[in-house]
Amino acid sequence: MIAFENGSVPEVLEDGVTGVHRGKVKIKPSRRRAGIGMLDRDRIRTEFDRRFTAQHMAQNYLKLYSRLAKARRTGTGV
């Protein structure tokens with residue numbers, strides 16, 4: 001994947017590992033495509049499974065909700 005470095009892209013796409021950030025610097029399309037060919041598909045899948053499976057994301061939401069509930073009980077910010 002080639003993506004602009006906007007919004008959640010830096011959180012989702014690891015430059016040179018799971019895709020290529022276009023960033024703010026203009027890079028010729030042929031150089032971006034060449035970078036894509038160097039990516040390891042197995043590593044991309046491993047990273048996806050590690051970070052974005054339904055189970056993993058549900059666990060992250062539970063941790064967040066727990067922190068929010070604790071902060072509300074104690075009157076502290078998150």
Listed highest first by mean packing, meaning other Cβ atoms within 10 Å per residue, what order do 55-68, 8-21 come in?
8-21, 55-68
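Excluding ASP49 itself, what net charge comes from residues whose Cβ is under 13 Å from its Cβ, given Lys and Arg +1 and Asp and Glu -1?
Values: positive: ARG41, ARG43, ARG45, ARG50, ARG51; negative: ASP42, GLU47.
That works out to +3.
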Quickly work out the ILE44-to-ARG72 label distance, labels modelled 7 Å from Cα along the C-beta direction, and quote it in nm with one decimal.
4.0 nm
What is the fewest-to-most order of ARG41, ARG72 by other Cβ atoms lying within 10 Å of their Cβ?
ARG41, ARG72
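Since every read-out is calculated from the coordinates, none of them should be taken as a lab result. In this text the structure is predicted, and so the values were computed from the model without any measurement. Using ideal geometry, Cβ is built from the backbone for each residue, glycine included, and neighbour counts are taken over all protein chains shown.
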